[in-house]
Structure formats: structure tokens, C-alpha cells
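The values are calculated or read from the model by the stated rules, or taken from the named source; none is laboratory data. Every value quoted in this text rests on a predicted model; they were computed, and no experiment measured them. We place every Cβ from the backbone using ideal geometry, glycine too, and count neighbours over all the protein chains shown. Accessible surface is based on the protein model in full, side chains and every heavy atom, while ligands, DNA and RNA are left aside. Shrake-Rupley method; radii C 1.70, N 1.55, O 1.52, S 1.80 Å.
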Amino acid sequence: MFTSCRHRATITVALFVVAAIQLAACTEDGNASWNISTMDRLRVQLFTNYDKSSHPMVTPTQRTNITLGIAVNYIDIDELKGRMTLHGWVNMRWRDGGRTWKPEYFDNITTLHIRSKEVWKPDITLFNSAGSEGDYVGDTQTMLSYDGSFMWVPPVVYTAYCNLNLKMWPYDQQTCKLKVGTWTLTTIDPKFLDFKESIDYKDLIKSTEWDIIDAKATYNSEEFYNYIEYTFQLQRYSSMYTTVIFTPASCIILMCLSIFWLPPQMGEKILLNAVLIVIIAAFLMYFAQMLPILAENTPLVVLFYSASLLLLSISTIVSVTVLYLSTAKHKQRVPAFLRNLLNGGLGRVLLLSEFSLEAEPQTLLNNGTKEMGEHVYDEPIETTNENTMFNASNQTPRSLQFDWILLATAIDRIFFLVYCFIFIILAIVYSV
């Protein structure tokens, strides 16, 4: 046992000798050493007994404030979910009075790069977040300057709820807000909002659909928290909507109006109306897939297509009525007051004068109009004698039918004028 004690004592003495030799070497070389760098010595000096969970202090009695800015890289809106998504960088800066040094004592080192997990960071969050799994905040290094200033610039993806107003879709303007702040005792410095760095667009990637036309930042302080509210005003623009939505709408209007100029005996008018109704129904289904179901602020273009669908349904009823009047074999004449209107001023306004007929039926047979030529009756012409003139009590079926065709044509022309007026009103009310 005595021998073992002597052996331990010898080892202890040897360790003391080695330590003394290393201490002497450090003394001879000044601040430099063969096994420790200046950067390591600086880190040891700054972060010995450092508590990263403790709020930094500028002075022993004053908490540090943080400055907050955002650099926007990309921005987009999801109409179906009512959300705005922003990709960018958040610039956070603060001071810690206990993390300062003099560069001349450490080989003129003025900055340190430290992993963000090793130091205190502001507890910044998005108050109006719409992300189901939280918003993304990247893990980047923190830069520390010799005067105790920290700067942390992590990449972020913020998704926030946005109260959308789609009334003027697809050329609408939306105003969306990001409320970025802290629930802790950390105070955001509002003076930084006066600088351009509060919202930065230098690295902005232009969206294919949205353009930022205005943005501002305002500071808000409540009893237990404070935050910065970033307000973005976005304008939607895309030439595709003109091609896909408005050009077909113009074609549908022209086709709907042209139906009233087709001969009243044509059954194809009903078929054309049915085709237009199917096309408009397909557009409405397309809008239902693209747009959210809104309790209010229904897009005007959707209301226009819906109104057009109703007008085409009425036009189909008119076409059926006109087809019946012009093709049915009537046994009674058109009422006298209607004949007077059709052969008078109203007929001239509706361009019916070329169809008016006050001559013998033989003239009607030989010089019938194109519209009358499409409708041939097999009944023989009844006459009392060769020189008898037709009057109200003595008419052939063809002459009788002519009055009803004239009435059907007049109905078409009247509805043409009515629909022109209605479509002009719709274009003014629902114009975007």
C-alpha cells in the first residue's frame, strides 16, 4: 500500500510539472497559444456563464428592444382558402450589453457568427397565422458585432388569413395583413419603421397573377403584447381572363341577339338557345371550381353569366311562341288593331314594311318573300271568281298565315330591342 501511495504522488507531481510548463509557454507567447485560437478565447470570454433563456439587457436596468423588418421574395393568394402566403426574410436586431469586446485585444475581430440555437432570440410569431402546422422559420446563424449588436435574418414562409372581396374578380384588389409580434416582454422598437428596411422588395420575384401596389407597416401596442402590422395591397392582373371569360361572354351576347333575326319558322332557334344555355352553365361550373362560396360580394362576372342564363331561358320561351305562331294553321285572322300597328309606324320601326302586303294573293304567290317561301301550304287557293279582291271576309290560308308570320317577326324584333337594352344595362352594372 505504501508503494501505491508513492506511485500516485509521483503522477501528481508530473502533472503539476506539465501544467507549469504550459503556463510558462503561454506567458512567453503573450495571448497566443498553440492549442487555442483568438476566436476561441473570444467565445470563452463572451459566453462563459451565459444563459440563452435570459432576456438580454442593454444596461443593468434596461431591457433590450428589437427592431423588425421584412424582405419580401414572393407573395400569392389562395382564393378558395382565403389565405395569403408570403415568402421572405425577417430581419431582427437587438443589443446585449454583456456581449461586447474591444477588437484590438482580439486580432481586430469585429464580428462573430454563432448558431442561433446557442444564443437568445426574440420570440417572434405571426398572430393571424393560417398555417395548420405553424409557419416556417429557417435556422440560420446569428451575427454578433463587437458593440453587442445581434442580427438574425432567417427565411420565413408566413400564411395568414385574408378577408377577400371578390366582387370585382378577376380584376380585383385585395388588402391583406400580417401581424408579426411577440407575446413576451420583448419590446419592438417602432422607430425602425421609419426606414426603408422595414419592408424590402429588392429580391422580389414577380407573381404570375398578383402585383404589390402598396405596402406599409404600423406599430401596435397592447397591454400584454406588441406587434407590427404589415398591410399589403395587391392587384390581380392577367390577360388570360380576357381571353377565357370576357371574349366568350361577348360572343354569347352576339349569338343571343342574332337568334331574333332568324326566320320565325326555323326550329333551329330553339336548338341554338339550348346550346348557349349549356355553354353558360359550363362557365358557371367553372367559376364554382375556381372561386369560394361567398356569403356576400359575389363576383360581378358571375352575376352577369347568371343573368345571361336567365335571359336565354326566356329567349327559348319566346322562340317556342314565335315558332308556334308562324307554323300553326290558324283559322282566325290577327286582330285588327295588331294589323294596323304592324302595317303602320310600328312596322316601319321594326323594318317590317318589306313584308307588308296589300295586293292580291296572286302577287303573294308569285313574289313571295324569302321567309314566306320557306313555308308552303298545300291547300288550294279559294276564290269566288277570277276578278274578286281579297278582303277581311274572304282570305286564302296563305294570306291568313302571312299575318301571323308578320306578328311572329314583330315579336322577334321587339325582343331584340329589349335584349339590346338589357345587355347594355348589364354591361354597365357588372362592368369590371
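Roughly speaking, to the nearest percent, how much of segment 44-237's 1.4 Å accessible area is carbon and sulfur?
On the way: 4980 of 10370 Å².
That share works out to 48 percent.
Applied to segment 415-431, the Karplus parametrisation 6.51 cos²θ - 1.76 cosθ + 1.60 on θ = phi - 60° returns per-residue 3J(HN,Hα) values of 5, 4, 5, 4, 5, 4, 5, 5, 5, 5, 4, 4, 5, 6, 5, 9, 5 Hz, with x for Gly and Pro.
The peptide list 67-75, 46-54, put in order of mean Cβ contacts within 10 Å with the highest first, becomes 67-75, 46-54.
Note on TRP152: accessible area approximately 20 square angstrom, rounded to 10, probe 1.4 Å, nucleic acids and ligands left out.
Surface analysis of segment 44-237 yields an accessible area of 53 Å² per residue, using protein heavy atoms and a 1.4 Å probe. Based on C-alpha pairs under 8 angstrom that are at least 6 apart in sequence, segment 192-320 has a relative contact order of 18 percent. In the context of the full protein assembly, THR61 retains an accessible surface of approximately 130 Å², using a probe radius of 1.4 Å and ignoring ligands and nucleic acids. Computed extension gain for VAL349 through ALA336, at 0.36 nm per residue and net of the alpha carbon distance, reaches 2.8 nm.
Within the assembled protein chains, the solvent-accessible surface assigned to ASP200 is about 40 Å², based on a 1.4 Å probe.
In whole Å, what three semi-axes, largest first, describe the equivalent ellipsoid of segment 44-237 built from its Cα gyration tensor (square root of 5 times each eigenvalue)? Numbers along the way, then the final one.
Details: eigenvalues 256, 57, 41 Å².
Value: 36, 17, 14 Å, ordered largest first.
Were the residues from ILE422 through TYR74 laid out at 0.36 nm apart, the gain over their Cα-Cα distance would be 121.0 nm. Evaluating 6.51 cos²θ - 1.76 cosθ + 1.60 at θ = phi - 60° for every residue in segment 401-413, the Karplus couplings come out as 5, 4, 4, 5, 5, 4, 5, 4, 5, 4, 4, 4, 5 Hz, glycine and proline recorded as x.
Once you've got the Cα coordinates, tell me which of LYS269/LYS329; LYS117/LYS202; LYS167/LYS216; LYS52/LYS177; LYS81/LYS179 are over 22 Å apart. Could you put the intermediate results ahead of the total?
Working: LYS269/LYS329 20 Å; LYS117/LYS202 29 Å; LYS167/LYS216 24 Å; LYS52/LYS177 32 Å; LYS81/LYS179 19 Å.
The pairs that break the limit, which is 22 Å between Cα atoms, are LYS117/LYS202; LYS167/LYS216; LYS52/LYS177.
Sum up the charges of everything whose Cβ sits under 13 Å from the Cβ of GLU229, counting Lys and Arg as +1 and Asp and Glu as -1, but leave GLU229 out.
Details: positive: LYS177, LYS179, LYS216; negative: GLU222.
Neighbour charge sum, excluding GLU229 itself: +2.
Along the Cα-to-Cβ line of THR140, 7 Å from the Cα, sits a label point; which residues in segment 203-230 have backbone N less than 20 Å from it? Residues passing the 20 Å test: 203-206, 228, 230.
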